[in-house]
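Read the structure below first, then the notes.
The values are calculated or read from the model by the stated rules, or taken from the named source; none is laboratory data. The structure displayed is predicted, hence computed values, not measured ones. Glycine also receives a Cβ, built like all others from the backbone with ideal geometry; neighbour counts cover every protein chain displayed. Heads up: the accessible areas ignore ligands, DNA and RNA and are worked out on the full protein's heavy atoms, side chains in. Shrake-Rupley method; radii C 1.70, N 1.55, O 1.52, S 1.80 Å.
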Amino acid sequence: MAKITYKEAGVDLDVYNQAMERLPRLLARTYSPRVIPLEDGFAGLFQLDFSSRLFARNYRDPVLVACTDGVGTKLKVARMMGVHITVGIDLVAMCVNDAICCGAEPLFFLDYVAMSRDDPDLLEQIVQGISNGCIQADCALLGGETAILPDFYAPGDYDLAGFCVGVVERRSIIDGRAIQPGDLAIGLASSGLHSNGYSLVRKVVFELAGLKVTDYVPELGRTVGEALLEPTRIYARAVRQVLAHYRVKNVVHGIAHITGGGLRENILRILPPQVQVVLERGSWPVPPVFGWVQRLGNIDQEEMERVFNMGIGLVLLVSPYYAESIRHQLAQAGVCSWLIGQAAAGPRQVLLQ
């Protein structure tokens, strides 16, 4: 009987090792002094507080916050484009944007990359994007896992999963229970589609409209592929600056990350009983990519609002007295925002009027 090797089964350990050698620098560029080096270790080490007085956090009652997410079928567009560096930013964004909804400071990030075969260049592009996202989010890329799964994925396909751990003082946890009638809803601008609804987008753009990623779209001012690969905006730094500004009072009563389910379903998740939020259509500009997709697919407005963020990637429910100050701080952090609605007494629901 002939002998068989792991390489013949689809996993080349020599190529795998070459790929692994490219990654340490991409992790190291995200490190803060809180990362404890553990070369060739089986896990990553991260100290919750500094030993240095200058940088000590002095937590009193810290609570850890953990979340996980992926990028979804936006990865198909990346493969069609042959551009894989931006989806790593999406991966980080989808996780850290969830973590900040609790008021957390993102601490560190882990990734899981599953590929059909060893491909050092592809892996390096992906992790470069993850590293870039972690720098934007001010969190450390502490480690990860690369799985080579021949026969499980089609050649060239891959999947991503991300895991974020953050921390928040118990007294500063934002869970929506403080939302009350009169609070104002501040909508933070999205960068476009973010990472939701791509199964619908791909069907409309590539199947129904028959477009290619290289086709130029005048109303968008770029190609199809460039528009669809726009990375998800990471709000961690801007939101942390706002929360840090109000150390005595909790003026941000709720935060909702607008992903699948749109504005209605995601804001509803944070509302307490007997409080509703009324949003005003037209109170913010809807990026042209949404109208373009809607026309190509003849999609009902209600379906658009249920699937997509429609230009609002994050919503803050805040005390009305501080709303304009918060918007000013967001602008200084480079994030456009609009007053898009208000909380009121009534059945727990979100209305778009």
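More than 38 Å apart: what percent of Cα pairs in the chain qualify?
Values: 13476 of 62128 pairs.
Tail fraction, whole percent: 22.
Could you rank the peptides 16-28, 48-60 by their average count of other C-beta atoms within 10 Å per residue, with the highest value first? Kindly include the intermediate steps, with their values, before the conclusion.
Working: 16-28: 15.0, 48-60: 9.8.
Descending packing order for the listed peptides: 16-28, 48-60.
With the other protein chains left in place, how much accessible area per residue, in square angstrom, belongs to the range 273-353 at a 1.4 angstrom probe? Don't skip to the end; give the middle numbers.
Numbers: 3940 Å² over 81 residues.
Normalised by residue count, the accessible surface of the range 273-353 is 49 Å².
Please give the solvent-accessible surface of R306 in Å², to the nearest 10, using a probe radius of 1.4 Å with every protein chain present.
150 Å²
Under 15 Å Cα-Cα from K7, which aspartates and glutamates qualify once same-chain neighbours fewer than 8 residues away are excluded?
Candidates past the 8-residue exclusion: D118, D119, D151.
Can you list the residues, at least 5 places off or on another chain, whose amide H is less than 5 Å from the amide H of G166, using H built in the peptide plane?
Under 5 Å from the amide H of G166 lie the amide H atoms of V65, A66, L107, each far enough along the sequence or on another chain.
Can you tell me which of 222-229, 159-166 comes out highest on packing, and rank the rest after it, using the mean Cβ neighbours within 10 Å?
Descending mean neighbour count gives 159-166, 222-229.
Using a 1.4 angstrom probe with every protein chain in place, what is the largest-first accessible-area order of I340, I299?
On the way: I340 0, I299 20 Å².
The most accessible residue leads, giving I299, I340.
First check a/c for the range 223-263, with a ≥ b ≥ c the square roots of the eigenvalues of its C-alpha gyration tensor; if it is under 1.5, answer rounded, and if not, answer prolate when a/b is larger than b/c or oblate otherwise.
Oblate shape, in that a/c is at least 1.5 and b/c is the bigger or equal ratio.
Taking amide hydrogens as modeled 1.01 Å from N in the peptide plane, which residues meet the under 5 Å criterion relative to G144, leaving out close sequence neighbours?
For G144, the qualifying residues are D111.
Per-residue accessible area for D61 at 1.4 Å probe radius, Å² rounded to 10?
It works out to around 70 Å².
Is the range 124-197 rounded, prolate or oblate when judged by the Cα gyration tensor, a ≥ b ≥ c being the square roots of its eigenvalues, rounded requiring a/c under 1.5 and prolate requiring a/b larger than b/c? Don't jump to the answer; show the numbers that get you there.
On the way: a/c = 2.54, a/b = 1.95, b/c = 1.30.
Prolate, since a/c reaches 1.5 and a/b exceeds b/c.
Return the whole-Å distance between the Cα centroid of the range 1-63 and the Cα centroid of the range 73-112.
Result: 18 Å between the Cα centres.
³J(HN,Hα) across the range 15-28 via Karplus (A = 6.51, B = -1.76, C = 1.60, θ = phi - 60°), whole Hz, x for Gly/Pro?
5, 4, 5, 4, 5, 5, 5, 7, 8, x, 5, 6, 6, 4
Treating cross-link reach as a plain straight distance, find the aspartates and glutamates whose alpha-carbon is under 20 Å from the alpha-carbon of K3, omitting any fewer than eight places away in the same chain.
Hits, sequence-local ones excluded: D12, D14.
Per the Cauchy relation, a quarter of the hull surface: what is the mean projected area of the convex hull of the alpha carbons in the range 1-57, in nm²? Kindly include the intermediate steps, with their values, before the conclusion.
On the way: hull surface 23.3 nm².
One quarter of the hull surface, i.e. the mean projection, equals 5.8 nm².
Ignoring ligands, DNA and RNA, please state the percent of accessible area on the chain from carbon and sulfur, probe 1.4 Å. Each step should come with its number before you reach the end.
Values: 9070 of 17170 Å².
Result for the chain: 53 percent of the exposed heavy-atom area is carbon or sulfur.
Once you keep just the Cα pairs under 8 angstrom separated by 6 or more residues, what percentage relative contact order results for the range 218-323?
Dividing the mean separation by the residue count of the range 218-323 yields 40 percent.
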